[in-house]
Structures are given as structure tokens and as C-alpha cells.
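For reference, the structure is listed below as C-alpha cells.
Here, each number is a calculation from the coordinates, and none is a lab measurement. Small disclaimer: the values here were computed from a predicted structure and weren't measured. All Cβ positions, even for glycine, are placed from backbone atoms using ideal geometry, and neighbour counts span all protein chains on display.
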Amino acid sequence: MKKTRLNENFIDRPIAHRGLHSATVCENSMEAFRLAIEKGYPIEIDVHLTKDGDLAVIHDSMLSRMTGRSGIVEALTSEQLKAYTLKDGQHIPMLREVLELVDGRVPLLIELKFRRAFNEKQGEALLAQLESYPYKDMVAMQSFHPKMVRWLKTHSKDYSVGYLSSFNLLKNHRFINYVLSTLKLFRWYMHADFISYDITYLPNKYVAKKRRHGVPVLAWTVNTPERVNRAVDFADNIIFESLFSNFTSKA
């Protein structure tokens, strides 16, 4: 599969994790995205597939944490989701709305989230919605699921696709955790273009080896000065929460 280099737009400035959210502005909200755009920060967002095949921008499948109401994104249509509001009173954005808002002004890093298992319809919906978005160099994608990374690499040559990883991703699955955290599937199966790795477990020899071979590394979630300092040495950029203007990549 063709390698697609991660655009410098995703290296030059720190990436705002779920937008510039705060105690008063909810994550993955239109206001959080507007604030990031105003500051010129790239934005990381999460998308879930709705029951009717649309893409909702929210981190959790379960709606309770962000809305205070029970519900599951994948079990609801986009119309039904309109009845839910985030805790700050905003609505749950759909990807189309976010694309219209961003309009190429800042890079957009899209994470494909799952409730239970890989579903290629999610990838199909994402590529379909991006087809009319003209700023191809301002979009990258990532997923924790190796099958989704491979699927995206197989079905599109326009975007860089990254693999998200950490240690102890799955409880009671020691061997699977080992395979995923040590990046055993990175090249030969996923053919991923970059790594997004949990800053808690950096540095480690597995990520360092890939980086020595030219694979860009994004560190998440960076939310303390200590983590900023660590990321300078072991990653090419950060996915951050709170404002850390003193990060300088070594890319």
C-alpha cells in the first residue's frame, strides 16, 4: 500500500484534543472548535456511526457523561440525537457541520471510535463525507483498531492514516495488549503512516524504533508541563489539553 506522509500541518503546531474545551466549554463541541480555529490550532475530533449511517462528533458511545442522559450513539439516528444536548447546552455536532465550520482553516485529525467492533460502514461514511471537502492535505485519520487503519489505507490514497496505541488497552487480554502496544501490526498489516501514542508510556523502545525509521509520532494526551517536556524529546508533536504555547517540535 502507498505510504502517505503526515502533512507538516499536523507537525507545526500542537493539536487541540477535542477542540479547545474547558470547564465551561464542552469537548467536541462547536464552540471548542471555534476557539481552536481562532488560535490556529489543529483539531482532534472523535466520530461515531449513528443508526442511520451518519457520523456524530463525540468521544463516548454512551451519552451519559457528556449529556447527563442515557443513550447510545450507535443505537440512535442523527435526528434522535438532536434531542440530546451537551452539559453546556450545545448540541452534539455532526461531522458535516464540523467540516463546514473548519473549512480548511486548520488541520483536522479524525479518530474513528467504536462501541464494540470494527464496522467498515463507518469508514465508508467518513470517506463519502470527505469526498466533497477540498482540503485533502488538511485531513488525517487515526484509530485504535488495526482493521480500521488497514481498511482506510486500502480504500483511500488521499489521507495519512495513523495508529493509536497505549499499554493495557484491553483488560484480561495480555497477548493482544502485547501485540497492540508493541506495534507488531504497524507495518506488515496496517501499513500505517504515523503513530499516536499515550504519553504515559513514552519513551519506549517500540515507538523509538519506528521514529528512528522516519515514522512521525504524536503524543497524547499532553496536559501538564512535565508531559510537554517529555514530548519534546520523544515525539514530533502533541495532542494537548489546556494551553501549552511553549511546545516546540523537533521535526
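The chain: D in µm²/s via Stokes-Einstein (Kirkwood Rh, Cα pairs, 37 °C, 0.692 mPa s)? Can you show the working numbers first?
Working: Rh = 18.3 Å.
The estimated diffusion coefficient comes to 180 µm²/s.
Please list, by residue number, everything in the stretch 195-218 whose backbone N is under 12 Å from a paramagnetic label point 7 Å out along Cα→Cβ of Asp233. In the stretch 195-218, the label zone of Asp233 (backbone N under 12 Å from the point 7 Å along Cα→Cβ) covers 202-204. Counting Lys and Arg as +1 and Asp and Glu as -1 over every other residue whose Cβ lies under 12 Å from the Cβ of Phe240, the net charge comes to +2.
Tell me, Leu86, Leu76 in order of fewest to most beta-carbon neighbours within 10 Å?
Numbers: Leu86 23, Leu76 20.
Lowest count first: Leu76, Leu86.
If you take all other residues with their beta carbon under 13 Å from the beta carbon of Leu35, and give Lys and Arg +1 and Asp and Glu -1, the sum is -1.
Straight-distance candidates among the lysines for linking to Lys210, with alpha-carbon spacing under 29 Å and chain neighbours fewer than 8 residues away dropped: Lys2, Lys3, Lys113, Lys136, Lys147, Lys153, Lys157, Lys171, Lys184, Lys250. Dipole check for the stretch 1-132: with +1 at the C-beta of Lys and Arg, -1 at the C-beta of Asp and Glu, and the Cα centre as origin, the magnitude is about 320 Debye. What number, in percent, do you get for the relative contact order of the stretch 8-240 if the mean sequence gap of Cα pairs under 8 Å and at least 6 apart is divided by its residue count? Once divided by the residue count of the stretch 8-240, the mean separation gives 16 percent.
Gain on full extension, evaluated as 0.36 nm per residue between Thr200 and Asp60 minus their Cα-Cα distance, stands at 48.3 nm.
By its C-alpha gyration tensor, with a ≥ b ≥ c as the square roots of the eigenvalues, how is the stretch 1-105 shaped: rounded for a/c under 1.5, else prolate for a/b larger than b/c, else oblate?
Numbers: a/c = 2.22, a/b = 1.43, b/c = 1.55.
Because a/c hits 1.5 or more and a/b fails to exceed b/c, the stretch 1-105 counts as oblate.
Ordered by the count of other Cβ atoms within 10 Å of each Cβ, fewest first, Asp193, Asp52, Asp236 give Asp52, Asp236, Asp193.
In this structure, Asp158 and Ser70 have a Cβ-Cβ separation that, at R0 = 41 Å, corresponds to a calculated FRET efficiency of about 0.60.
Compared with the alpha-carbon gap, the fully stretched path from Lys3 to Lys121 is longer by 40.2 nm at 0.36 nm per residue.
Can you compute the helix-only [θ] at 222 nm over the chain? Use -39500 (n - 2.57) per DSSP H run of at least 4 residues, normalise by all residues, nearest 500 deg cm²/dmol. Walk me through the numbers before you get to the answer.
Numbers: 9 runs with 73 residues, N = 251.
Mean residue ellipticity, 222 nm, calculated: -8000 deg cm²/dmol.
Specify which residue in the list Asn177, Leu127, Tyr163 is farthest towards the positive end of the charge dipole of the stretch 126-184, using unit charges on the beta carbon of Lys, Arg (+1) and Asp, Glu (-1), about the Cα centre. Result: Asn177, furthest along the dipole toward the positive end.
Which ordering of Ile92, Ile72, Ile176 is given by a fewest-first count of other beta-carbon atoms within 10 Å? Before the final figure, lay out the partial values.
Working: Ile92 26, Ile72 14, Ile176 11.
In order of increasing Cβ crowding within 10 Å: Ile176, Ile72, Ile92.
Taking the Cβ of Thr77 as the centre, find all other residues whose Cβ is under 10 Å away and add up their charges (Lys, Arg: +1; Asp, Glu: -1). Walk me through the numbers before you get to the answer.
On the way: positive: Lys51, Lys82; negative: Asp52, Asp54, Glu79.
That works out to -1.
Where the only charges are on Cβ atoms (+1 Lys, Arg; -1 Asp, Glu), what is the dipole of the chain about its Cα centre, to the nearest 20 debye?
Working: 35 positive and 28 negative charges, 258 e Å.
The dipole of the chain has a size of about 1240 debye.
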